[in-house]
1. Among the numbered conditions (1) touching a helix residue (DSSP H, G or I) at 6+ places or on another chain (Cβ under 6 Å); (2) part of a strand (DSSP E or B); (3) of a type outside the set (A, V, I, L, M); (4) buried (at least 18 other Cβ atoms within 10 Å of the Cβ), tell me where E140 comes up short.
2. Only one of (1) in a helix (DSSP H, G or I); (2) closer than 20 Å to M125 by Cβ; (3) in contact with a helix residue (DSSP H, G or I) (Cβ under 6 Å, 6 or more places away or on another chain) is not met by P35, so which one is it?
3. What tally of residues in segment 38-60 results from selecting those that are touching a residue at least 24 places away in the same chain (Cβ under 8 Å) and over 26 Å from Q123 (Cβ atoms)?
4. So how many residues does segment 5-25 have that are buried (at least 16 other Cβ atoms within 10 Å of the Cβ) and not aliphatic (A, V, I, L, M)?
5. Listed residues R105, R71, R98, R119; which is farther than 16 Å from G133 by Cβ and under 15 Å from the mean Cα position of the chain (by Cα)?
6. If the requirement is being out of contact with any His (no Cβ under 8 Å at 6 or more places or on another chain) and closer than 18 Å to V10 by Cβ, which of these qualifies: R116, R135, R144?
7. Of everything in segment 13-27 that's among the polar types (S, T, N, Q) and touching a Ser or Thr at 6+ places or on another chain (Cβ under 6 Å), which residue is farthest from G100 (Cα to Cα)?
8. Sort out which residues of segment 84-118 are surrounded by 14 or more Cβ atoms within 10 Å (Cβ to Cβ) and basic (K, R), and write them in order of number.
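We did not get these values from a lab; they are worked out from the coordinates using the rules stated. Owing to the predicted nature of the structure, the values given are computational and were not obtained by experimental measurement. We place every Cβ from the backbone using ideal geometry, glycine too, and count neighbours over all the protein chains shown.
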Amino acid sequence: MEVNKNAPVVAASDIEIAASPETVWDVLTDIEHWPGWNPDVKSMSFSGEVAEGSHFRWKGGPVTITSTVRRVERPRLIGWTGKTLGIDALHVYRLEPRDGNTLVRTEESYDGLIARAFRGRVQKMLKDALDAGLRHLKAEAERRSKP
């Protein structure tokens with residue numbers, strides 16, 4: 001799964017986490033508990049297994065997003081689509097083992113009227129959100145990996 005490189009807004013970020021890919025994967029795919037470790041996720045509605053086709057509805061900042069899991073390759077890749085306020089999003093996380101740690105790369109693209117009309121502002125907001133999300137993921141995965 002790839003983001004839409006031709007979308008008006010595309011951002012990427014990466015971070016190295018001092019935890020195994022399995023630990024990072026467990027944090028990332030425990031979707032219903034995102035609000036417990038990521039303060040940017042205000043609420044979450046999800047139950048069941050993380051599998052292709054499963055849906056979740058969540059509030060990120062002031063907007064509610066309806067997402068569908070599109071790709072699951074444990075513990076290497078998860079990707080989903082999302083829709084909110086005239087934005088169609090594609091979001092992908094890739095996890096790579098690196099000397100006992102995990103390199104996490106995330107990419108997201110936004111298409112739609114809002115993304116085209118407010119491209120510069122939305123681009124900065126998305127990049128900041130990806131960076132913050134990875135910092136929160138790192139803190140939680142490293143917390144869980146401590147003995």
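1. It fails just one condition, (2).
2. Among (1) in a helix (DSSP H, G or I); (2) closer than 20 Å to M125 by Cβ; (3) in contact with a helix residue (DSSP H, G or I) (Cβ under 6 Å, 6 or more places away or on another chain), P35 violates only (3).
3. Here the count works out to 1.
4. Of the residues in that region, 6 qualify.
5. R71
6. So the residue among R116, R135, R144 that is out of contact with any His (no Cβ under 8 Å at 6 or more places or on another chain) and closer than 18 Å to V10 by Cβ is R116.
7. S13
8. R94, R105, R116
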